[in-house]
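The values are calculated or read from the model by the stated rules, or taken from the named source; none is laboratory data. The model shown is predicted, which means the values in this text are computed figures rather than measured ones. Here Cβ is always computed from backbone atoms with ideal geometry, including for glycine, and neighbour counts include all displayed protein chains.
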Amino acid sequence: MKCIMSEALHDEDWHEIKKVIENLELDQQTITVQKFAEQGIAGKLNDIEEITNRAEKKFQLSKKLKLMKDEMKEFKLTTVRFKEDTWVLKAYEDVNAKLDDQMVQT
């Protein structure tokens, strides 16, 4: 039951679950333990768990990306004129260091 109650499951994941259990009428909003048990899913639990695990990974990655974007908002990129037609980014080392840290974390 835990695998179908995950907040990570989106519409496309539910559509996959419905196809696996061969019931396209199943509704995520009205599902109950009894309704789910009536679907005879015992032999299909591995497939459902795989879909849920994939959705959980996407969900966690999405949360990390949002956090990374929020962290990058504090940086201000400024340019400084260098010679006549050239501009140089100022303090880009801080931005690069943060990006490197974020890449290591993921």
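Values computed for the structure shown
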item: Helices (runs of 4 or more DSSP H) within region 12-106 that include 1 or more residues in contact (Cβ under 8 Å) with a residue 12 or more places away in the chain and of a type in the set (Lys, Arg); result: 45-72, 92-105
item: Meets criteria (assigned by TED's automatic domain parsing to the domain that holds Gln105 and either surrounded by 11 or more Cβ atoms within 10 Å (Cβ to Cβ) or within 22 Å of Gln105 (Cα to Cα) (or both)) for Ala91; result: yes
item: Residues of region 65-86 classified as modelled with pLDDT of 90 or more and hydroxyl-bearing (Ser, Thr, Tyr), total; result: 1
